[in-house]
Structure formats: structure tokens, C-alpha cells
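I have placed the structure first, in the form of C-alpha cells, so that the comments after it can refer back to it.
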Amino acid sequence: MHVELVIQLIINGLLLGGVFALAALGLNVIFGVTRIVNLAHGQIVILTALTCAVIFQRFGITPIEALPGALIGGAILGTLIERLLLRRLPEHAQSREWTSLLITFGVSYFLVGLSLAIFSGDFRSVAYLTDSWHVGGIDFPKAQLLAFILAILIAGFLGILLRSTKVGRALRAASQNLDGARTCGIDIGRMRTLSFALGCGIAAASGALLSMVYAYNPDTGSQFTLISFSVVVLGGLGSYAGAIVGAGLLGLAVSFVGFYGNTHFGSMMPYIVFILVLLFRPTGILGKPATT
Amino acid sequence: MNLRILGFAALAVLLLASAMVPLSGNGYILSLVYISLLFTGLAYGWNIISGYAGYLSFGQITFFGIGAYVVAIGTTRFHAEWWLCALIGGAFCAALAVPMGYLMLRLQGPFFALGMLGLAQSLRIATDTIPFTGGAEGIYLPPGSNAVHVYYWTLGVLVLAIVLTAWIDRSAFGLRLRALREDERAAGTLGVDTTSSKVQAFVLSAIIPALLGGGYAWYLTYVEPSSIYSTEIELQTVAMAILGGMGTLWGPLVGGILMSQVSESLSTRFPQTHLMIFGALIVILLIALPRGIVPAISERLNRKKTAAKARPQEAVT
């Protein structure tokens, strides 16, 4: 094994991990406020990535330029999903969980079907900024680096939003204690819609970034639901630091197995990591007990 | 009570009619009814773990796939009879479901649902890669496939599934499952051995798809990962159980009959948008008829019955 190769793989893995972290953040925001695991999450990521690929091909609009549009489009889609489909879920915890899982499951396959009808089943990727910077014998692929930096920027921006704005504090209050937040006069219904808008917007943004660094077809969506969910679980629900560590680890796993095994096993990695995490480390690596 | 007898009588007529179908010698009708039987059977299998025990699984296709591949490999490499291989596949999945159940059923809600989905997907990718299972090219089964044999096999498995569900619906075991669906911790406190109950339910809902998958492989005469570990089959199964009513004896049957007809006409008219329509259908059903057709009807009938009982008393007072 060459040391340089290993370093290269580590860098690629970590850069990919940044985008995973962003995707997972979207899922986490939604889960925090609504207690709904949005099974259509990965499909929103992939639908955006596919759209970016086609727009780039046809009109030469780069994914970076498309990023604001993706964010807004995702937010609109999220608002629609929450308002039209999830508004009248039963409040009873058990049936709420059931129904929301089944509905988002249905939505996810609706989106798979839609993507298949529009984009066909071909694998796509955006060939933009394909060269790299060489620093001391190590390649920093430009697209990956840019995607990573933008992902961290968006995540940081979201952090500021959640921490220091009134709306952000209301969102966090709703995710910590629903009844308490309601008592304080926070409109829970609005917070739920907002969390969906925010979560799906972030999913779409990570899809736009991902479009440059990954190959995908409509079927890849469930992979991203699971990747995002594993990252959230790895981090422990609600722990953002843990989520970033988790995303880094998952990125490393995909990059190493993809290189030393083969690409098939590379794409199997998210599932395997996911199941292992659930079975052996359901409280996350940084060890906050998961509360459900 | 009378309603139940009526239901079983209707079922008997229906099963007898389907047993006659191969006599007509019409291949097209045979294949239509075969697909309905297949999906209804799958819906019954799914209904045990997800409907009665309340563990939503999006990965029961795993067992369907293993069953199909056991038949494909058994008939090509070991030149065994297909039905023998299908039985072995069923037994293998039952055995596999025990340790798998102990591991996976510790997970709850979305964790279990996604865990099973992940399992099915990784198995599909593994089947795609490993040469033993024929990789992405798949396996051509030896000649000698007979649609009528598979048809009766599937009908038999469906009857088995219905009998099993009828037993669960009435037995203490079924009560235990429903108790843990409503509140697992409370059920445990009341002395229900929740772990072994749900593992048993998991095993039962693994055997049925495995047996059906074995027949399906022999019917298709060709297996390949994406058509066997098919998300469309999974999706359609779930949609049928929801339409009819999860956790009920008649739900999968009603859902199966209605939906396979819809599905057939959809897939011939709009083959491209099959997934899309089924996804949308699940969502619409859950919003419009969240508990399914069967509970909605039986509730209405019960209301009428209690109303009829209540009326004479009202007259007295």
C-alpha cells in the first residue's frame, strides 16, 4: 500500500463525507421537529442531482449556479409534502409513526417513478471542474473540494439560523419539547411545515452538490435515505458534532471499499454500515442515548 | 358470526373457481389469475409481521428473492426438482429468519423499516456481484417449466397463508401480537414474551414469500437480481395490504383482488409509470382510507348491528 494512495483515499472520503453530512442534516431537522423519518429524503437528493445533470448538459448551467434554485425548489416541495400529505396525521404516537412512514414510503416511490419517467434509468454525473490541485503529491479534486466547502458553509449557515434567530430558536424548542413549545405560544403546525421546507431544501441543495461528485440514477435514492439516516444515527439523534464524525466515517468507508473491493461493494457499504450501526451502536458514536 | 361464515363461504367459492382456471386452457387468463394469487399471498405474508405485529417491514422481498434463487440454483446446478428446491428455500428462510429476527426486531419503528430495506438492497447488490448467483446476467432455468404446476403451487401456498392468518386472527398468539403492536412495553409487563412472539411472526412472514418466490422463479424460467429483488413487487404488496386493511384476516384478499386487476391494466397501458402510480396510490389510500376497506366496512356493519339492538330499548324508555 502506498502511503500517498491511502492519504488520497482518506481525503476523497472526507470530502464526500461533507456532502453526506449536509444531506443528513436535512433529515435531522425534519425528524427533530416532526418525529417523522422522511423516507423520500434520498429521492429528493437524487431528483435534484438528476435535474442538475440535465440542466448542465442542455444549457450549461453549472450545479453551483443552480444551487439557490435547488434550495428553493426543495423547500417548495417540502412545504407541499407537509401541507398536503402529512397535515392530518393522527396525533397518537404509534399510528402517527406508522402512517408517516407509509406515506413517505409512497412519496419516495412516486418520486422514483417520476425520475425514471423523466430521466430514464441511466447513470449520470456532471463533468464540471474535473481537474484537481496538486499539493505535495496529493490531488485535491476541485469539484469535491468545492462541494465540501459549500456543504460546510450551508451547514454553518443553518447552525447560525437555528442558534441565533427567533425562528431558529422556536424550531429548536419545538424539537426539544413539543408541549412546552406550544405553551410558550409557538405555532407547532407552522414549525412542522417550516422544518419540512428547510429539511427538503437542504436535501435538494446537497443533491446539487452531489451531482458533481457522484454517479447516480433514479434507483440511487434509497441509498441516500439510508446514508442520511445512518449518519444521523451514527451521530446520535440530535447531536450535530456526532453527525459530522459519522458522515466522515461513512465517506471513508465508501471511498476505501470502493477502491479496494469493487464499486458494487462500495455502493453496498451504506447499507452494511447502516445495519451494523443500528445493531451495535444505536446510541451513536459520541454516545448520547437516542430518545424515541 | 354469520358474517364470518359468509366470508368463508365466499372464499371457498373463490378458491374453487381459481382451482378451475387451468382447466380452461387459456394461458392468458391463467397468467392473470396467477399474478393475483401471487400478490395476494405476498400480502398475506407481509400482513403477519407488519399488520398483526406492527413491525413495518419494507424488506420482505428478501425472502421472496432467496426462495427464487434457491430454486434457480438448485435446478441448474444440482438438477433437483423445482418443488423440492422451493420447499428447501422455504425451510432455509424459516431457519434464517430466526437469527435475523432476533437481531433486527430489536429495532423499532423507522429503524426496523429502514433496516429491512437496507438488508434487501444489500442482498440485491450481493446477488448482482457474486458469480455463484449468476451476477447481473442472471440464471436461465432448465427447460420443463409448467405454468399450471406453478399455478397450483401458488394457490396451495395462498390457502396455507389464509389458514395461517385465520388461526392467528383467532388465537392467543394473535392476541399477543396485537398487544405488542399497540404497546410493546405494556404487553411485556402483562407477561407477553414479546421477543419470541415477534420472532415467530417474523418466521411465518418469511416462509410464505420464500415459497412463492420459488414458484415464481420456475414460472419465469429466468432470474436476475433486479426483477426478483424488485421494489415494484414490494411496493405493490404493501399497497394491497393497506388497501384491504392491515392486520385483518380479509384485508389482503380484498386488496389483492382489487389491486392486481388495477395493476394489470396499468402495466399494460402505462408500463413506464407503474412505480409512480403505485407510490401515489399508497399515499392517497392512507389519506382517504387510512385503515383500509375491510375495517371500514366491518365498522359500518357493527354500527348498524348495535343500532338495531339499541332501538327496542329506546322504545321501552
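Is there any pair with a first residue in the range A:211-228 that is more than 9 Å from A:Gln43 (Cβ to Cβ) and among the charged types (D, E, K, R) and a second that is modelled with pLDDT of 85 or more and crowded, with 24+ Cβ neighbours inside 10 Å whose Cβ atoms are under 8 Å apart and which are 6 or more apart or on different chains, and what are they?
Every condition considered, the pairs that remain are A:Asp219/A:Val112.
Would you mind stating whether B:Thr76 is assigned to a helix (DSSP H, G or I) and either of a type in the set (Asp, Glu) or in contact with a Leu (Cβ under 6 Å, 6 or more places away or on another chain) (or both)? Lay out the reasoning, then the answer.
Values: assigned to a helix (DSSP H, G or I): yes; either of a type in the set (Asp, Glu) or in contact with a Leu (Cβ under 6 Å, 6 or more places away or on another chain) (or both): no.
The answer is no for B:Thr76.
Filter the range B:99-123 down to residues that are facing another protein chain (nearest Cβ under 9 Å) and surrounded by fewer than 17 Cβ atoms within 10 Å (Cβ to Cβ), then give me how many there are.
3
So, B:Ala296, is that one in a helix (DSSP H, G or I), within 24 Å of the chain's Cα centre (by Cα) and at pLDDT 85 or above or not? Can you show your working first?
Working: in a helix (DSSP H, G or I): yes; within 24 Å of the chain's Cα centre (by Cα): yes; at pLDDT 85 or above: no.
Against the criterion (in a helix (DSSP H, G or I), within 24 Å of the chain's Cα centre (by Cα) and at pLDDT 85 or above), B:Ala296 does not qualify.
Take the range A:244-292 and flag every residue that is among the small types (Gly, Ala, Ser), under 26 Å from B:Gly59 (Cβ atoms) and modelled with pLDDT of 75 or more. Don't jump to the end; show me each part of the working.
At the first step, the residues of the range A:244-292 found to be among the small types (Gly, Ala, Ser) are A:246-248, A:251, A:253, A:255, A:258, A:261, A:266-267, A:284, A:287, A:290.
Keeping just the survivors that are under 26 Å from B:Gly59 (Cβ atoms) gives A:246-247, A:251, A:253, A:258, A:261, A:266-267, A:284, A:290.
Within the range A:244-292, A:Gly246, A:Ala247, A:Gly251, A:Ala253 qualify.
In the range B:124-165, how many are within 14 Å of another protein chain (Cβ to nearest Cβ) and within 21 Å of B:Phe39 (Cβ to Cβ)?
Total satisfying the criteria: 1.
Scan (1) in a helix (DSSP H, G or I); (2) surrounded by fewer than 22 Cβ atoms within 10 Å (Cβ to Cβ) for the single condition A:Gly74 breaks and write down its number.
Of (1) in a helix (DSSP H, G or I); (2) surrounded by fewer than 22 Cβ atoms within 10 Å (Cβ to Cβ), only one is false for A:Gly74: (2).
In the range A:104-138, what residues are under 23 Å from B:Glu234 (Cβ atoms) and of a type in the set (Val, Ile, Thr)?
Answer for the range A:104-138, where residues must be under 23 Å from B:Glu234 (Cβ atoms) and of a type in the set (Val, Ile, Thr): A:Thr104, A:Val107, A:Val112, A:Ile118.
Quick check on A:Leu145: is it in a helix (DSSP H, G or I), touching a residue at least 60 places away in the same chain (Cβ under 8 Å) and crowded, with 20+ Cβ neighbours inside 10 Å?
no
For the range B:59-79, indicate whether the set of residues that are surrounded by fewer than 15 Cβ atoms within 10 Å (Cβ to Cβ) and of a type in the set (A, V, I, L, M, F, W, C) is non-empty.
Taking every residue of the range B:59-79 in turn, at least one turns out to be surrounded by fewer than 15 Cβ atoms within 10 Å (Cβ to Cβ) and of a type in the set (A, V, I, L, M, F, W, C).
For the range A:212-219, state whether one or more residues are assigned to a helix (DSSP H, G or I), within 14 Å of chain B (Cβ to nearest Cβ) and either small (Gly, Ala, Ser) or in contact with a Phe, Trp or Tyr (Cβ under 8 Å, 6 or more places away or on another chain) (or both). Working first, answer last.
Initially, the range A:212-219 is screened for residues assigned to a helix (DSSP H, G or I), giving A:218-219.
Of the ones still in play, those that are also within 14 Å of chain B (Cβ to nearest Cβ) are A:218-219.
Cutting the leftovers down to either small (Gly, Ala, Ser) or in contact with a Phe, Trp or Tyr (Cβ under 8 Å, 6 or more places away or on another chain) (or both) gives us A:218.
Yes: one or more hits.
Would you say A:Ser206 is closer than 30 Å to B:Leu119 by Cα, hydroxyl-bearing (Ser, Thr, Tyr) and modelled with pLDDT of 85 or more?
On the way: closer than 30 Å to B:Leu119 by Cα: yes; hydroxyl-bearing (Ser, Thr, Tyr): yes; modelled with pLDDT of 85 or more: yes.
Considered against the rule, which asks whether it is closer than 30 Å to B:Leu119 by Cα, hydroxyl-bearing (Ser, Thr, Tyr) and modelled with pLDDT of 85 or more, A:Ser206 comes out as yes.
If the requirement is being among the polar types (S, T, N, Q) and within 14 Å of another protein chain (Cβ to nearest Cβ), which of these qualifies: A:Ser195, A:Ser125, A:Ser132, A:Ser115?
Values: A:Ser195 fails: within 14 Å of another protein chain (Cβ to nearest Cβ); A:Ser125 fails: within 14 Å of another protein chain (Cβ to nearest Cβ); A:Ser132 fails: within 14 Å of another protein chain (Cβ to nearest Cβ).
Within the list A:Ser195, A:Ser125, A:Ser132, A:Ser115, the selection yields A:Ser115.
Here are B:Leu258, B:Leu243, B:Leu266: which of them is within 12 Å of another protein chain (Cβ to nearest Cβ), surrounded by fewer than 18 Cβ atoms within 10 Å (Cβ to Cβ) and out of contact with any strand residue (DSSP E or B) (no Cβ under 8 Å at 6 or more places or on another chain)?
On the way: B:Leu258 fails: within 12 Å of another protein chain (Cβ to nearest Cβ); B:Leu243 fails: surrounded by fewer than 18 Cβ atoms within 10 Å (Cβ to Cβ).
None of the others qualify; the one that does is B:Leu266.
Pick from the range A:128-142 the residues that are touching a residue at least 60 places away in the same chain (Cβ under 8 Å) and out of contact with any Ser or Thr (no Cβ under 8 Å at 6 or more places or on another chain): which of them is surrounded by the fewest Cβ atoms within 10 Å (Cβ to Cβ)?
At the first step, the residues of the range A:128-142 found to be touching a residue at least 60 places away in the same chain (Cβ under 8 Å) are A:128-129, A:137-141.
Applying the additional criterion that residues be out of contact with any Ser or Thr (no Cβ under 8 Å at 6 or more places or on another chain) yields A:129, A:137-138.
Values: A:Leu129: 18, A:Gly137: 10, A:Ile138: 14.
Taking the candidates together, the pick is A:Gly137.
If A:Gly60 satisfies every condition in (1) at negative phi; (2) out of contact with any helix residue (DSSP H, G or I) (no Cβ under 8 Å at 6 or more places or on another chain); (3) modelled with pLDDT under 90 but one, which is the exception?
Against the list (1) at negative phi; (2) out of contact with any helix residue (DSSP H, G or I) (no Cβ under 8 Å at 6 or more places or on another chain); (3) modelled with pLDDT under 90, A:Gly60 comes up short only on (1).
Could you say which residue among A:Phe123, A:Phe59 is free of Cβ contacts under 8 Å to residues at least 24 places away in the same chain, of a type in the set (Phe, Trp, Tyr) and surrounded by fewer than 15 Cβ atoms within 10 Å (Cβ to Cβ)?
Working: A:Phe123 fails: free of Cβ contacts under 8 Å to residues at least 24 places away in the same chain.
Result: A:Phe59 is the single residue among A:Phe123, A:Phe59 that is free of Cβ contacts under 8 Å to residues at least 24 places away in the same chain, of a type in the set (Phe, Trp, Tyr) and surrounded by fewer than 15 Cβ atoms within 10 Å (Cβ to Cβ).
Considering the range A:77-95 alone, what residues qualify as being of a type in the set (Gly, Ala, Ser) and either in contact with a His (Cβ under 8 Å, 6 or more places away or on another chain) or surrounded by fewer than 21 Cβ atoms within 10 Å (Cβ to Cβ) (or both)?
Answer for the range A:77-95, where residues must be of a type in the set (Gly, Ala, Ser) and either in contact with a His (Cβ under 8 Å, 6 or more places away or on another chain) or surrounded by fewer than 21 Cβ atoms within 10 Å (Cβ to Cβ) (or both): A:Ala93, A:Ser95.
Would you be able to say whether some residue in the range B:10-30 is of a type in the set (S, T, N, Q), under 18 Å from the mean Cα position of the chain (by Cα) and either surrounded by 24 or more Cβ atoms within 10 Å (Cβ to Cβ) or in a loop (DSSP other than H, G, I, E, B) (or both)?
Within the range B:10-30, none of the residues are of a type in the set (S, T, N, Q), under 18 Å from the mean Cα position of the chain (by Cα) and either surrounded by 24 or more Cβ atoms within 10 Å (Cβ to Cβ) or in a loop (DSSP other than H, G, I, E, B) (or both).
Out of B:Leu87, B:Leu42, B:Leu96, I need the residue that is touching a Leu at 6+ places or on another chain (Cβ under 9 Å) and surrounded by fewer than 24 Cβ atoms within 10 Å (Cβ to Cβ). Which one?
Working: B:Leu42 fails: surrounded by fewer than 24 Cβ atoms within 10 Å (Cβ to Cβ); B:Leu96 fails: touching a Leu at 6+ places or on another chain (Cβ under 9 Å).
Of B:Leu87, B:Leu42, B:Leu96, the one residue that is touching a Leu at 6+ places or on another chain (Cβ under 9 Å) and surrounded by fewer than 24 Cβ atoms within 10 Å (Cβ to Cβ) is B:Leu87.
When residues of the range B:134-166 are filtered for being among the polar types (S, T, N, Q) and crowded, with 21+ Cβ neighbours inside 10 Å, how many remain?
2
So which pairs qualify, if the first residue must be in the range A:93-108 and facing chain B (nearest Cβ under 7 Å) and closer than 19 Å to B:Met276 by Cβ, the second must be among the aromatic types (Phe, Trp, Tyr) and crowded, with 21+ Cβ neighbours inside 10 Å, the Cβ gap must be under 9 Å, and the two must be at least 6 apart or on different chains?
A:Phe105/B:Phe58; A:Gly106/B:Phe278
The values are calculated or read from the model by the stated rules, or taken from the named source; none is laboratory data. All of these numbers come straight from a predicted model, not from anything done at the bench. FYI the Cβ positions are ideal-geometry reconstructions off the backbone, even for glycines, and counts take in every protein chain you see.
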